[in-house]
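None of the figures in this text is laboratory data; all of them are computed from the coordinates on show. If you're wondering where the values come from, they're calculated on a predicted model, not measured in any experiment. Virtual Cβ from ideal backbone geometry, glycine too; neighbours counted across all protein chains shown.
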Amino acid sequence: MIAANHSPLSHLAIRRLLRYRRVLTEAYKQGTATVFSHQIASMCGRNNAYGGSAQVRRDLMHLGCEGKPNSGYNIESVLSELETFLAPDITSTALIGVGHLGKALLRHFTQEHAGFSVVAAFDCDPEKIDRVISGCHIFSLDRFAIVAQEMNITQIMLAVPSSVSQQVVDQTSGCGVKSIVNFTSLPLSVPSGVFVENVDLIASVEVAAFLGKQIQLSRGAP
């Protein structure tokens, strides 16, 4: 173990560390105790922006983790450092928009995940308000400010129609929200100090289909 480097990390670096945590957690569950940097890079997949073994070593060195020449990294030790660095506190998250996508998100995030917990959901449909879906209470969006203060909500997942996404963000601004996961297809205008992670599912499917076809064409496949 070497001294950790606490200088700020880029958005892409945080993505890589989160990916390392996922693949190493799975490897540890399977009984693997140690792993080399090139194996971590391989676990993350070839068709991604995670880089090779040199990038893995640089990222883990930032946490103070150093592998041994003969055995690589101790997975339990690396996971401990990743947990300390990535999730020092649990972020209270709210879902806004309980349509088909919102319900799917609630089913997926019914329990506390590393770093965050979905504590409430909001919608404007009277038929959904005051119901409990996947263990999560649905509130009227008009009550967001009150509920956000009571539950210390600092992050929202936005799964509303794109046509009202900016209106919802404007309505929830100034209520302590520090980060937004935007599942709509439109960019958002947010106050200074609020981070937005855009998740465009349709674009991801289209990009994957296009690049998959390009790979086949480059190999001479029909």
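Points worth noting:
- Computed from point charges on the beta carbon alone (+1 for Lys and Arg, -1 for Asp and Glu), the dipole magnitude for the chain about its Cα centre is near 900 Debye.
- Phi to ³J(HN,Hα) by Karplus 6.51 cos²θ - 1.76 cosθ + 1.60 over segment 120-136, Hz, x for Gly, Pro: 6, 9, 9, 7, 9, 7, x, 6, 9, 5, 6, 8, 10, 10, 6, x, 10
- Angle in degrees between helix 201-218 and the longest Cα principal axis of the chain, rounded to the nearest 10: 40
- Per-pair calculated FRET efficiency, R0 = 25 Å: Thr91 and Val199 via Cβ, rounded to 0.05: 0.90
- Dividing the helix sum by the residues of the chain, where each DSSP H run of 4 or more adds -39500 (n - 2.57), gives a mean residue ellipticity at 222 nm of -12500 deg cm²/dmol.
- Whole-number D in µm²/s for segment 11-84 (Stokes-Einstein; Kirkwood sum over Cα pairs; 37 °C, 0.692 mPa s): 273
- Principal-axis tilt of helix 75-86 within the chain, Cα atoms, nearest 10 degrees: 40
- Potential lengthening between Arg22 and Lys178 on full extension [0.36 nm per residue; Cα-Cα distance subtracted]: 53.7 nm
- Taken over the Cα atoms of segment 91-203, the convex hull encloses 99 Å³ per residue.
- Placing a pseudo-label 7 Å from each Cα along the Cα-to-Cβ vector at Ser117 and His38 gives an inter-label distance of 4.3 nm.
- Chain lengthening between Leu101 and Leu186 when straightened (0.36 nm per residue, less Cα-Cα): 29.0 nm
- For peptides 140-147, 157-164, sequence by mean Cβ density within 10 Å, most packed first: 157-164, 140-147
- For segment 145-191 versus segment 117-144, the gap between their alpha-carbon centres in whole angstrom: 14
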